[in-house]
Amino acid sequence: FGVKFTSLSVIDDFSMSIKEGKYADILSTLSSADIDAAVNVIETIRKKFQDEVKKAGGT
């Protein structure tokens with residue numbers, strides 16, 4: 001996908017792009033197992049950022 005996750009806002013922007021169909025051509029070539037694996041990775045990265053924000057005293 002060529003996306004570097006550096007913050008929660010980047011993850012949110014990427015998620016919105018997927019919902020808007022920006023990556024439909026790439027997603028259409030993947031199996032459902034590959035898509036599930038990609039979603040799991042994104043969710044894990046998102047949780048890591050959320051945990052770091054909480055640890056730093058943010059919301």
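The values are calculated or read from the model by the stated rules, or taken from the named source; none is laboratory data. Bear in mind the structure is a predicted one, so any value in this text is a computation, not a measurement. Using ideal geometry, Cβ is built from the backbone for each residue, glycine included, and neighbour counts are taken over all protein chains shown.
General remarks:
- Of all residues assigned to the stretch 47-54, none qualifies as being among the hydrophobic types (A, V, I, L, M, F, W, C), out of contact with any Ser or Thr (no Cβ under 8 Å at 6 or more places or on another chain) and at pLDDT 85 or above.
- Checking each residue in the stretch 37-59 for being surrounded by 11 or more Cβ atoms within 10 Å (Cβ to Cβ) and over 15 Å from I11 (Cβ atoms) picks out only A37.
- The one condition in (1) assigned to a helix (DSSP H, G or I); (2) β-branched (V, I, T); (3) loosely packed, with under 10 Cβ neighbours inside 10 Å that T29 fails to fulfil: (1)
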